[in-house]
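Report on one structure; see the data block that follows.
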Amino acid sequence: MSDKIKVILDCDTGSDDAVAICTALLSPEKLDVLGICTVNGNRPVPNTTENTLRVKDLLGSDVPVIRGCYCPMVKSLDPRREVLETAHSAKGEDGKEITYHAEYLDCLPPSHSKPLPMHAVTWLIDTLMNSEEKITVVPVGPLTNIAMALRLEPRIAEHIEQFVIMGGGHLERNSTAAAEFNIWVDPEAAQIVFESGVKIVLMPLDATHRAYLTPEDSKYFRSLGTKLGDFIAQEIDDRVEAYNLLQPLHIPDIAPMHDALCVAYLLDPSVITDIRHVRVDVDFSGGLCDGETVVDTRLIPPVKPKNCYLCMNTDSDKFASMLRDILSRAKN
Ligand code: BDR
Ligand code: CA
């Protein structure tokens, strides 16, 4: 048995997903990444799959990429639930589109590798059921693939070491006043995962808004003179611009790298400075709070068992220094 952590990533790549993937694939001494599933989220699944393949090619990795679900489990049956309050993009002064996640990661060339010829949900079930060691699953997009796999084969839960999920927000939210994007896209799927009985470490916005890189980091990455360094610098610059315009945060000129915090936590849990064992459920009733992660902070004995280790704060300096170190390992 190897002492590396066996990991499956589930991504809607996406700029910060791309940074998470790079961080994981450049940490082979600690992480054995078995595969990367893709899902609808930041962009439709053909785009998130192509983007994932571009990142894999950039790193010269042979990790399998497996295309997953095209739409949320049931949410899209109710058209009243499809209103996104916050803009995902806007036109800058020069007419250029400013967005968190471009249609494609267009500073990377089109992919030359292919996804596996099977569905991510089937692959997840096969891989988990046939693994002798438990596997850590890291979903950093909407939870559709994971919930579908749990519904098709609930016994996969016994083969999962833990979920480390980017999603939700307790005091901070983004897609609506109540909800964070990944949970808001597929609230029913999220609730299925929260009820799975598997250990969950949840990275909500409260922690991930403190997991950021800055224009200084961008300069550093550009100075490396590598393709990966240029790519990371570009993603930082684009995200700084997008956050300043579309979603100003507690500090200006920062690029939160939400999804990369899940990987950083696996590599060094001390990057999280406040973690609480609580009950979290998702509102999927379709109203004002659709997609909210409802955290039970009451001190009375919980009615339902505690199901999440909720990460509420991040050591921002440690996070940035980990990413600087790991992402400068690429040879080209
Ligand atoms: C989450 O939503 C996506 O836009 C990001 O990739 C991240 O996973 C943050 O709310
Ligand atoms: Ca994501």
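The values are calculated or read from the model by the stated rules, or taken from the named source; none is laboratory data. The shown structure was predicted, so the numbers you read here are calculated from the model rather than taken from an experiment. Reconstructed Cβ throughout: ideal geometry from the backbone, glycine too, with neighbour counts over all protein chains shown. Ligands, DNA and RNA are stripped out before the accessible areas are found, and what is left, the full protein with its side chains, is counted by its heavy atoms. Shrake-Rupley method; radii C 1.70, N 1.55, O 1.52, S 1.80 Å.
Label positions at Glu103 and Lys318, each projected 7 Å from the Cα along the C-beta direction, are separated by 4.2 nm. Would you compute, from DSSP H runs of 4+ residues alone, the mean residue ellipticity of the chain at 222 nm, taking -39500 (n - 2.57) per run and dividing by the full residue count, rounded to the nearest 500? That comes out to -10000 deg cm²/dmol. When segment 25-156 is described by a simple charge dipole with +1 on each Lys and Arg Cβ and -1 on each Asp and Glu Cβ, the residue from Leu105, Gly92, Thr49 located farthest towards its positive end is Thr49.
So what's the gap between the Cα centers of segment 149-228 and segment 1-66, to the nearest angstrom? Their Cα centres are 14 Å away from one another. Going through segment 69-148, which GluC sites (Glu not before Pro) have at most 14 other Cβ atoms within 10 Å and a DSSP loop state? Sites meeting the loop and neighbour criteria: Glu82, Glu85, Glu93, Glu103, Glu132, Glu133. Database remark: amide H of Leu213 closer than 5 angstrom to the amide H of Ala255, Met257 (H placed geometrically; neighbours at sequence offset of 5 or more, or on other chains; Pro and chain starts carry no H). Gaussian network model of the chain, Cα springs within a sub-10 Å range: biggest mean-square fluctuation belongs to which of His88, His250, His209? Top of the fluctuation ranking is His250. Model label points for His112 and Arg276, set 7 angstrom from Cα along the Cα-to-Cβ axis, are 5.1 nm apart.
Here the label points at Glu158 and Asp253, each 7 Å from Cα along the C-beta direction, are separated by 5.5 nm in the simple model.
Rolling a 1.4 Å probe over the protein heavy atoms gives the chain an accessible area of 42 Å² per residue.
Taking 41 Å as R0, compute the FRET efficiency from the Cβ-Cβ separation of Leu245 and Glu133 and round it to 0.05.
Numbers: r = 45 Å, r/R0 = 1.10.
So, using R0 = 41 Å, E works out to roughly 0.35.
Anything over 31 Å Cα to Cα? Flag those among Lys134/Lys227; Lys6/Lys306; Lys75/Lys318; Lys30/Lys304, in the order listed. Over 31 Å apart, Cα to Cα: Lys134/Lys227; Lys75/Lys318; Lys30/Lys304.
Share of carbon and sulfur in the accessible area of the chain stands at 53%, probe radius 1.4 Å.
For the pair Glu216 and Leu171, a Förster radius of 30 Å applied to the C-beta separation gives a FRET efficiency near 0.65, rounded to the nearest 0.05.
Between Ser196 and any residue 5 or more places off or on another chain, the built amide H atoms are never under 5 Å apart. In this calculation the C-beta distance from Asp296 to Asp78 is compared with R0 = 30 Å, giving a FRET efficiency of 0.70. For Met73, the residues 5 or more places off, or on other chains, whose built amide H falls under 5 Å of its own are Ala189.
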